[in-house]
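Enquirer: Take this structure first; my questions come after.
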């Protein structure tokens, strides 16, 4: 009788170990697939940048330092093939350079009305939205995976088969002065804003309409 009980316990433990191992493999694949989505959106953004630079260069040829900064930051980001944390760190200088490039564009009304520039802005905004969605999905899968790596009894399977915690893709930690560019279509023309992790915001907005009249605020009768 005791032999059968022991055998039953061993069988249940073995089945549990197999199920836990297979779940680790499934979650590991989910993390990989989620990271592939982030990589796809990053590459799409990298592909947009040269056209954006050339469009702005056509109106502001003297802003050589800005163009060089964007080009160098893009080269660093595209060559960052390490961990998600390393990739996130490389995104910080690139976003800062893009912010500077779009700020330059603000000084040129003809450029802001250029259809090619507006199309690139819109595509950049769409890419950023997809990138943020992919980032949240990836980090959610990493969080679930890391939780199992540390929990008992799955920690036994993790240590036995070498499953280790995955890295988060925390772009906010790399971008100290702002977040991803977003096109705002609530105003007469597109505007690009950068929202920081603490609610700070630096924005590039269309110039005010010179024909618009300004109404002073109401004041109490003196």
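Read the figures in this text as sums done on the coordinates, not as results from a lab. Worth saying up front: this structure is predicted, and the values here are computed from it rather than measured. Neighbour counts run over all protein chains shown; Cβ positions are idealised from the backbone, glycine included.
Enquirer: Could you give the nm distance between label points at residue 103 and residue 126, where each point is 7 Å from its Cα heading toward the beta carbon?
Expert: Taking the simple label geometry, residue 103 and residue 126 are separated by 2.9 nm.
Enquirer: Highest mean first, what order results for 4-10, 29-35 on Cβ atoms within 10 Å?
Expert: Numbers: 4-10: 9.6, 29-35: 16.3.
Those peptides, ordered most packed to least, come out 29-35, 4-10.
Enquirer: Under a crude label model (7 Å from the Cα following the beta-carbon direction), how far is residue 54 from residue 1 in nanometres?
Expert: 8.5 nm
Enquirer: Here's a follow-up. Per 0.36 nm of contour for each residue apart, how much would the distance between residue 155 and residue 80 grow if the chain were fully extended, relative to their Cα-Cα spacing?
Expert: So the chain would gain 23.9 nm between residue 155 and residue 80.
Enquirer: With N denoting the number of residues in the range 82-138, provide Rg(C-alpha) divided by 2.2 N^0.38 Å, to two decimal places.
Expert: So the Cα radius of gyration is 1.38 times the expected 2.2 N^0.38 Å.
Enquirer: Using square roots of five times the C-alpha gyration tensor eigenvalues, list the equivalent-ellipsoid semi-axes of the range 7-154 in whole Å, biggest first.
Expert: For the range 7-154, the semi-axes come out at 46, 14, 10 Å.
Enquirer: Rounded to two decimals, what ratio of Rg to Rh does the range 69-178 give with C-alpha atoms and a Kirkwood Rh? Provide the component values of the computation, followed by the final result.
Expert: Working: Rg = 18.9 Å, Rh = 16.5 Å.
Computed over Cα atoms, the ratio is 1.15.
Enquirer: From largest to smallest, what semi-axes in whole angstrom does the range 1-89 give when each is the square root of 5 times an eigenvalue of its alpha carbon gyration tensor?
Expert: 56, 11, 5
Enquirer: Evaluate E = 1/(1 + (r/R0)^6) for residue 18 and residue 116, where r is the Cβ-Cβ distance and R0 equals 35 Å; express this FRET efficiency to the nearest 0.05.
Expert: Efficiency for this residue pair is about 0.05.
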